[in-house]
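Written below as structure tokens is the structure these notes are about.
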Amino acid sequence: MTSLRDLSRSVRSATSRVLGTVWGRRVRIGAGVVLVALVGATVGTMLLAQTHIDVGPFRAEMSISPSFTGGTEIDIPPLGSLHLDSHDGPIHLKVNLGSLDQNRTEALIDDPTALTVTGKRAVDEVTAGVLRLGLRALGAALAGAMLLAAVIFRDFRRIAWAGVTALAVTGGSLGLAIGTVRRDSIAEPRYEGLLVNAPAVVGDARRIADNYGRYADQLQQLVSNVSRIYTTVSSLPVYAPEANTTRILHVSDLHLNPSSWGLIRTVVKQWNIDAVIDTGDIVDWGSSPETSYVSAIGQIGVPYIYVRGNHDSTAIQAAVARQHNAKVLDNSIITVDGVTIAGIGDPEFTPDKSETPPAADGSTQSPLLVSGDRLATTIRGSETKVNVALVHDPAMAPPLSGVVPLVLAGHKHQRQVSMLPAPTPAPTAAATIGASAPPSASAAATQAPVPTRLMVQGSTGGAGLRGLEHEQPTPLTLSVLYFDEHHDLKAYDDIQLGGTGQSNVTVQRNVIGGPQPTTSSTIGRATSPAVSTSPR
């Protein structure tokens, strides 16, 4: 203990001697100057780094603030806000479109063609505003740092060094933001606000996907969209899709939540949906009294394609099939608006069990995989190319890898998107049984496997009553899928509403062709995400 105390005294003594030297004193002063410069630059930037620009009919306010994540936020009150992953930190750009110029607004109403001119000028106006804002940020940082240094040091040289430090840090931050700009980020905005306004603010996904990477055109489209919202006297406009674009709404796991039907009808109307896909668990127990719940399907007004979940009995499946606009898929195929869809129901009925029961025939192979194999065989034997496969449990999806480009599922009560692992080479069924295989199946078997994307929906019903078992209610989720004229998935909007008792809405635009999701390694019924409601 004595030696430790002596060592401690020796260290303190050496430190005091170093700090007491000329170089030690300079280091302390330099550190103080840097600290004062950073604090002053931050305060000055937050208070003074603001500017106003004219963008279309708007008097927009632009500001920047320190941030670890960067990005851009565009506030459009009272409609909501767009969040863009436009650049990396340490600067966050905020644009507020909350003020309208009366004269310019009236001019747009009187002359609709002026919207086109407004969109074309938007790029130059925003660029000039950002440059002006950057200069103001440099000036604000310099003024804040030098003013704070003058108050603390009262030494001209130290004040000057604080100013130089503030300019260097602020200039470097602006340079980093400029160097990491992602011009295509406007193609994938995250929308927060009123659900009814989302399609009009975000725009048409097909048009944005086709123009992916063309920053100027996308910015013009965004300005024109918002201008129309503010200048249209009657109802808010919703962009009609291109003639060859198909919009399909993916829902799953409604679990008897009556509010789900109103939500689905709203999205069908506002997004101009062509068809709805339901990947099962529409009820909780599969009982006869629950059959009346599915009668709301007939009020949706578009085709409703359904596969049975593990909570849905055959009686529920029959009740769905009785709805005039419903189509039940159980190892069968249907074509809707040019998109060919195959599906199969969950082979198990386990409304009161959380784990998969053993197979009735004593087989060790999972009945989920067996059903997935059955659907894959049906797809291979189809004379028409199948674009989408439907299952309830993602554990049924592995046999579909390489067979179909897109698999939709549910069951997990948590949204997940992944690429299925490529199938391992194996002797084909056609090669095994020889000439008895139909020609179409043999031809399909010899084709190169296609990459398969697995999209697992959360719970459009907020997991029903199970959604209230945790501290935070399970959110209601659903997705709008956009298919082009070749019936390939081009983009999708993920819509999420706060669970029961909450009202927040988030819409996330995702364009196919950006960064690919990673392959999931947690496909299986026994696996339940810790943060989601466990499916039972």
GLY163 passes all but one of (1) modelled with pLDDT of 70 or more; (2) open to solvent by 60 Å² or more (accessible area, probe 1.4 Å); which number fails?
(2)
Matching residues in region 413-426 - criterion: being open to solvent by less than 20 Å² (accessible area, probe 1.4 Å) and out of contact with any Pro (no Cβ under 6 Å at 6 or more places or on another chain):
LEU420
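In region 308-319, what residues are open to solvent by 20 Å² or more (accessible area, probe 1.4 Å) and not hydroxyl-bearing (Ser, Thr, Tyr)?
Step one: filter region 308-319 for residues open to solvent by 20 Å² or more (accessible area, probe 1.4 Å), giving 308, 314-315, 317-318.
Within region 308-319, ARG308, ALA315, GLN317, ALA318 meet the criteria.
Might you let me know whether region 274-282 holds any residue that is more than 22 Å from TYR492 (Cα to Cα) and of a type outside the set (Ser, Thr, Tyr)? Walk me through how you get there before you give the answer.
Narrowing region 274-282 to residues more than 22 Å from TYR492 (Cα to Cα): 281-282.
Now narrow it down to the ones that are of a type outside the set (Ser, Thr, Tyr): 281-282.
Yes, the conditions are met somewhere in region 274-282.
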A careful count of residues in region 273-292 that are among the polar types (S, T, N, Q) and either in a loop (DSSP other than H, G, I, E, B) or open to solvent by less than 10 Å² (accessible area, probe 1.4 Å) (or both) gives 2
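Residue by residue, here is whether (1) farther than 20 Å from THR474 by Cα; (2) at pLDDT 95 or above; (3) of a type outside the set (D, E, K, R) holds:
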| residue | (1), (2), (3) |
| --- | --- |
| GLY286 | yes, no, yes |
| ILE305 | yes, yes, yes |
| SER313 | yes, no, yes |
| ASP330 | yes, yes, no |
| THR335 | yes, yes, yes |
Counted residues, region 293-307 - those being without any contact (Cβ under 8 Å) to a residue 40 or more places away in the chain, open to solvent by less than 10 Å² (accessible area, probe 1.4 Å) and outside any helix (DSSP H, G or I):
2
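Counting only residues that are of a type in the set (A, V, I, L, M, F, W, C) and not in a loop (DSSP other than H, G, I, E, B), which one in region 334-353 is surrounded by the fewest Cβ atoms within 10 Å (Cβ to Cβ)? Explain how you work it out, then say what you get.
Our first condition is that a residue be of a type in the set (A, V, I, L, M, F, W, C); within region 334-353, this holds for 334, 336, 339, 341-342, 344, 349.
Adding the requirement that they be not in a loop (DSSP other than H, G, I, E, B) leaves 334, 336, 339, 341-342.
On the way: ILE334: 16, VAL336: 19, VAL339: 22, ILE341: 25, ALA342: 26.
The extreme case among them is ILE334.
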In this structure, is THR105 part of a helix (DSSP H, G or I), of a type in the set (S, T, N, Q), at pLDDT below 90 and open to solvent by 30 Å² or more (accessible area, probe 1.4 Å)?
no
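Scan region 149-158 for residues that are surrounded by 22 or more Cβ atoms within 10 Å (Cβ to Cβ) and farther than 13 Å from GLY30 by Cβ and jot them down.
none
The values are calculated or read from the model by the stated rules, or taken from the named source; none is laboratory data. What you are looking at is a predicted structure, and each value in this text was computed from that prediction instead of being measured. Note: ideal-geometry Cβ built from the backbone for every residue, glycine included; neighbour counts use all protein chains shown. SASA here: full protein model, heavy atoms, side chains in, ligands and nucleic acids out. Shrake-Rupley method; radii C 1.70, N 1.55, O 1.52, S 1.80 Å.
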